[in-house]
1. Could you work out how far apart the two model spin labels at residue 327 and residue 568 are, taking each label as a point 7 Å from the Cα in the direction of the beta carbon, and quote it in nm?
2. Below 8 Å, C-alpha to C-alpha, sequence gap of six or more: please give me the relative contact order for the stretch 167-251 in percent.
3. Between residue 525 and residue 491, what FRET efficiency follows from the Cβ-Cβ distance if R0 is 25 Å, with the result rounded to 0.05?
4. For residue 517 and residue 558 in the same chain, what is the full-extension length gain: residue separation times 0.36 nm, less their Cα-Cα distance, in nm?
5. Can you give the angle from 0 to 90° between the axis of helix 126-137 and the longest principal axis of the chain, with both taken from C-alpha atoms, to the nearest 10?
6. Can you put 57, 301, 79 in order, fewest other beta carbons within 10 Å first?
7. Round to a whole angstrom and tell me the spacing of the C-alpha centers of the stretch 39-77 and the stretch 477-515.
8. What does the extension gain come out to for residue 169 and residue 450, with contour length at 0.36 nm per residue minus their alpha carbon separation?
C-alpha cells in the first residue's frame, strides 16, 4: 500500500506546485545574465542521491567519490571522442573522426577532428589524448577506469597533432569500442594536458571559475556552483559552431538542481520546474502525466514505458563469505523467487523478468530462440519457482527446517538480510516475502547510504543491485565474473557491478581467451564456444541471481523543449548518465 499511497500523495501535492522558473538567486543575478525559462534546460541528477549537492568545488571527472561528471559534466563542458547509438550500434564520431586496428589488434590508430578547441582556445590535440590515457593507466584504484587502462594500455604515441596510436599489452579488439566509444555510464573524458600536466590526478579539484575550470571542449561552461544549483551557460565561441560541424545547441543555459526522491521528481515534472533527469517509478510517471500531458517517456504507451539500459536488477552473493559461496544455497534461493510476480507487485509490470544480465540491446543478435546461448539458458531453467526444488537444494546445502519452519543449520537459522539502493527499494518487500514463504529467515534492511561502500569493499553478505553488462556481445557481462575483479575483504573492487568476488580459475581461462578475439555468432567459432562454456559454468555456480531487466521510466518534459529521443525516434539511448546524452542536448529545440 505504501507505493500506491505515495502516488495519491503526489496527485494532491501537485496542486500546490508552481511552475516557477529555476533561474538564479538575487545575489547571482548581479553577476549572471538573466535567461528566461523557455531558453533554459533544467535537469536533476540521475540516481538515488537526493538532497543538496556535495563536492561543489571539486570537478575532477575521474574521482569515484565525485558524481558531477555523470550528472552534468558529460553534457555541458566535456565531450567524447566518439558516441554510440546503442539502439543500432552506430558509431557517431565527435572529437575524433575514425579509428582502425592493425591486423593482430595490438594497436589502434585514432584520427582526431581538425578544429576542435578547448574552451580557452587552445587546440585539442593527440597530446591531450596520450596524456589522458597514460595518466589513467598509471593512476591508483580510486580513479575511475584505472584498472582497465592498466590492464590493456602499454603506451600511447602522438605522431602528429591529429593522430593517436595506442599500443596494447595484448590483442584488444574491443578496447576502443568499450572504453572510448561506448557512450554508457563509464565516462572517460579527455583531459587538457596544458591544465592537468603536473597535477596529481587523484587530488586535483579541476575547479577555478575565474580561470575557466572545469575546462572542456563542450558547448557550455560552469558559471556558478552551490549546494542547490549548478549553472552552465552556452559558449557562443564553441568550436563545433566555428567549424561548421554542428550548430550551437538551442538551450542558452543548463541548470542542475537537486531532487529529494521519487515524489519530489514527480512534483517538479508536473509543475514543469524540470525538464529531465532522475528516473521515476511507473506509477509516479502515470500520475504525473495525467496532470501534465507534456510528459512522455521512451514508449508512448505502457506498461513498459522505459528503454533498456543494459542492466538488470540482481541479488548478489558475496562469494568470499560462508555460507554465501554455497552453490546449492544459491540455487535454492533462485527457485524461491517468482520473477513475474516481482515485476507485477514491485513495478506494475514495467520491469520484465530476467535470468541473465544480457541487455535488450543484444537480444535480436545473440538470443534468438534457436541460438546456442539461449539453449544454455533454457537448459538451466532459472525462472522456475518451485518449493520442491528449494527443499532439495537446501537439504543438499546441509539445512533443514526448524520448529518455526525456518531453514537452519546446526540449530542456527540462516539470516538473510536484503538491502538495496533507494531506486530499487520497491523490490525489497515482495522479494523478502517470497523468500519468507519458502522458509528463509529473510528480512528487509533499512535504506542507508552505506550500501555502496559495502559493495565496493566486500563488507556484505547479500545485496540487491544492478548488473550493467552486455550491450553488444555476451562477453560484456561474462567477463564480470573473472577473478581479476575480486579483492580481499576491505579492499575496493575496480568495478562496482562486478561485485560477486567469484573465483574460478577454469572460468578465468575461458574469459582470457575470449578477450583477445573478435565476437562471432557462428556456433563453430572459438568465441561462441567460449561464450557457451563460460555461461554454462557460471550458471552452474550461480554467483548472483538476476531478477528483472531494468527499463527505467525516463521522463522528458516537452513543455519547453522538444526533440527528445523515443522509440519512434531512437537516435540515441535516453539515459541522462550515458555519455551520449550530449547528443540529446544538441538535438533539443524550443517548444515555444
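1. Label-label distance for residue 327 and residue 568, simple model: 5.1 nm.
2. Details: 60 pairs, mean separation 12.2, N = 85.
Reported as a whole number, the value is 14 percent.
3. On the way: r = 37 Å, r/R0 = 1.47.
So, using R0 = 25 Å, E works out to roughly 0.10.
4. Numbers: separation 41, 0.36 × 41 = 14.76 nm, distance 4.47 nm.
Result for the pair: 10.3 nm of gain on full extension.
5. On a 0 to 90 degree scale, this one is about 30.
6. Numbers: 57 11, 301 8, 79 23.
With the sparsest Cβ surroundings first, the list reads 301, 57, 79.
7. One Cα centre to the other: 29 Å.
8. On the way: separation 281, 0.36 × 281 = 101.16 nm, distance 3.64 nm.
That pair, residue 169 and residue 450, stretches by 97.5 nm at full extension.
Laboratory data are not the source of any read-out in this text; all were calculated from the coordinates shown. Everything numeric here is computed off the predicted structure, so don't read it as measured data. Please note: Cβ atoms are built from the backbone with ideal geometry, for glycine as well, and neighbour counts cover all protein chains shown.
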